[in-house]
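The next block holds one structure in the form of structure tokens; read it before the comments.
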Amino acid sequence: MRDDEVPNKTAAGRDEIQRRARKLPPVLRSILLMVDGQHSAGQLRHTLAGLHGPADALEQLQAMGLIELAPAAAPAPAQPVPLADAGAYAVLYARMSAAVREHLGLRGYFLQLKIERCTDAAELRALVPELLAALAKANGPALAETVEQGLRTAAPA
């Protein structure tokens with residue numbers, strides 16, 4: 001995939017976001033979430049460098065049939081999501097999900113479902129207080145504070 005080409009999710013890619021049927025590694029799932037049909041492969045690769053994913057992540061997703069090159073004649077939406085916001089979403093999503101998985105386990109099931117329903121970084125940020133309250137209740141305020149610091153440094157508002 002050339003840097004000037006624009007990838008987009010396929011129907012299978014959108015289905016994978018909803019159902020998680022293929023059990024993608026977390027970094028590939030985060031990258032799939034960032035593919036929006038608005039940003040070129042080069043722009044995505046630049047942002048993905050911070051996620052420490054494989055250099056050929058876009059090609060892997062394309063080989064799995066989860067992304068494809070956007071048709072050249074496709075009209076651009078009126079207000080594309082800024083790439084920085086897509087990157088913030090991916091980082092917040094990954095860190096919040098990891099905190100639920102590592103520190104709340106089954107007790108965090110419904111909170112994880114809320115995280116899954118978020119479609120942008122602003123929705124995830126709105127969910128942070130609920131996550132921190134659950135972490136403080138289950139593991140103490142020190143852990144909640146540590147997680148909060150990690151979320152702030154990863155994707156500042």
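Throughout, read-outs are computed from the coordinates displayed, never taken from laboratory work. Given the structure is predicted, the values throughout are model-derived calculations rather than measurements. Methodologically, a virtual Cβ is constructed for each residue, glycine included, from the backbone with ideal geometry; neighbour enumeration extends over all protein chains shown.
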Aspartates and glutamates whose Cα lies under 20 Å from that of residue 23, excluding same-chain neighbours fewer than 8 positions away = 15, 56, 59, 68, 102, 116
In what order do 115, 31 fall by count of nearby beta-carbon atoms within 10 Å, going from fewest to most?
-> 115, 31
Give me Rg over Rh for the chain, both radii from the alpha carbons and Rh done the Kirkwood way, two decimal places.
-> 0.99
If a helix is a whole DSSP H run, which ones in the chain reach 27 Å or further along their own axis (Cα) and hold a mean Kyte-Doolittle hydropathy of at least -1.0?
-> 83-103
